[in-house]
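K.L.:
The structure's right below; bear with me while I get my questions together.
The values are calculated or read from the model by the stated rules, or taken from the named source; none is laboratory data. What you see is a predicted model; the values in this text were computed from it and never measured. Glycine also receives a Cβ, built like all others from the backbone with ideal geometry; neighbour counts cover every protein chain displayed.
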């Protein structure tokens, strides 16, 4: 089954917990702390692969999770780091958060992107020894790995997109000009999934075509096969819009597709098109000319309109040469355009991890900040020594001073990373 969009949960590995331990050896008095650190959690990577062509493996697998790190052990033994997870995805997959922010866009074979960072391992009590603290009873929990709901969306990477109403001849044309073998029949909706075909226009020009299932009026509202496959022509440089020459109303057939493109995406509707009147075998030149003039009245000025027969091959070579000419113009324009690396870099101040702020909610004070939240996530709130260490860190960072400036009173709650402690 062809699956091109799935929702999953991505979870990097949790860091291992640090060990609270003291040496216990015969004839060794007060052996001292020997708890080891936890190992780091595994990261989650996405890698583009030409060996994948669908997202079907994630249809029922909704959790993508890396391994956690092992806990620290006695005798200062560090826990083993969790193994990284590499997720193989088809070239053309876009990974976004549930609210639409793009995390990675996999556009070429072998591209590898970090999408979720594993949590750091917690320190064991051997880490906290000092000249004034020789028997620390502090050990940290490992940090949780990054976790979020994500969407994997496959958008095929092709140069040319074939669009049109059902039975307009898109699959026939693709089979004629390439080695692709899409299903072809004399009834609508024969094509149920996108097809790709490699076309050699001449010895120097190879072009990748994408054929998507036909659209009908109301596709943007979910009628027919809906517009779910239009994502596969979003990346194309040019759309080839096929119109069946035997339609009762040529202008309406053309306008239906234009309207559905605009309903799906205004950007896609503005993409350049070559309009192709198909199935002209046996038609008089006068009728063909009338069809061309009819579409000219609705099409944008400068739109190339051709007449072909995908079945017999009539006019197909001219269509391929027109496509080649357009792609050459695109290449020349891109060559003249200043490359991004030639432009002056935009320097932005990074958001500092140590930044924090205090928000008062009813009778509580909530401390928000990446660094202090990380410390809190690693703190054992059942350990008085661990809580006191967190208080010391908050005082060093100036958080306690801010709370006192806000007139916090003894007994009021301080919330950090969903954990609470009393002032």
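K.L.:
Please count how many residues of the stretch 36-53 are modelled with pLDDT of 90 or more, part of a loop (DSSP other than H, G, I, E, B) and under 17 Å from residue 95 (Cα atoms).
P.N.:
Of the residues in that region, 1 qualify.
K.L.:
Do you know which residues across the stretch 398-411 are in contact with a strand residue (DSSP E or B) (Cβ under 8 Å, 6 or more places away or on another chain) and buried (at least 16 other Cβ atoms within 10 Å of the Cβ)?
P.N.:
399, 402, 403, 408
K.L.:
Need the failing condition index for residue 320 against (1) surrounded by fewer than 13 Cβ atoms within 10 Å (Cβ to Cβ); (2) within 30 Å of residue 161 (Cα to Cα); (3) at pLDDT 90 or above, just the number.
P.N.:
Only one criterion in (1) surrounded by fewer than 13 Cβ atoms within 10 Å (Cβ to Cβ); (2) within 30 Å of residue 161 (Cα to Cα); (3) at pLDDT 90 or above is unmet by residue 320, namely (1).
K.L.:
Pick from the stretch 288-319 the residues that are part of a helix (DSSP H, G or I), within 18 Å of residue 247 (Cβ to Cβ) and touching a residue at least 12 places away in the same chain (Cβ under 8 Å): which of them is farthest from the chain's Cα centre (by Cα)?
P.N.:
The residue in question is 288.
K.L.:
For the stretch 170-184: of the residues being more than 30 Å from the chain's Cα centre (by Cα) and at pLDDT 85 or above, which is farthest from residue 314 (Cα to Cα)?
P.N.:
Among those residues, the one meeting the criterion is 175.
K.L.:
Moving on. Restricting attention to the stretch 117-136, does a residue exist that is in contact (Cβ under 8 Å) with a residue 40 or more places away in the chain, surrounded by fewer than 24 Cβ atoms within 10 Å (Cβ to Cβ), in contact with a helix residue (DSSP H, G or I) (Cβ under 6 Å, 6 or more places away or on another chain) and assigned to a loop (DSSP other than H, G, I, E, B)?
P.N.:
Scanning the stretch 117-136 turns up at least one residue that is in contact (Cβ under 8 Å) with a residue 40 or more places away in the chain, surrounded by fewer than 24 Cβ atoms within 10 Å (Cβ to Cβ), in contact with a helix residue (DSSP H, G or I) (Cβ under 6 Å, 6 or more places away or on another chain) and assigned to a loop (DSSP other than H, G, I, E, B).
K.L.:
I'm checking my understanding of the structure. Among residues of the stretch 254-272 that are crowded, with 19+ Cβ neighbours inside 10 Å and modelled with pLDDT under 90, which one is farthest from residue 170 (Cα to Cα)?
P.N.:
For the stretch 254-272, the residue satisfying everything is 264.
K.L.:
Residue 24 is checked against (1) without any contact (Cβ under 8 Å) to a residue 40 or more places away in the chain; (2) within 22 Å of residue 129 (Cα to Cα); (3) surrounded by 14 or more Cβ atoms within 10 Å (Cβ to Cβ) and fails just one. What number does that condition carry?
P.N.:
(3)
K.L.:
With (1) surrounded by fewer than 17 Cβ atoms within 10 Å (Cβ to Cβ); (2) modelled with pLDDT of 80 or more as the list, and residue 250 as the residue in question, which single condition is left unmet?
P.N.:
(1)
K.L.:
If a residue must be part of a helix (DSSP H, G or I) and farther than 18 Å from residue 161 by Cβ, how many such residues does the stretch 254-283 contain?
P.N.:
1
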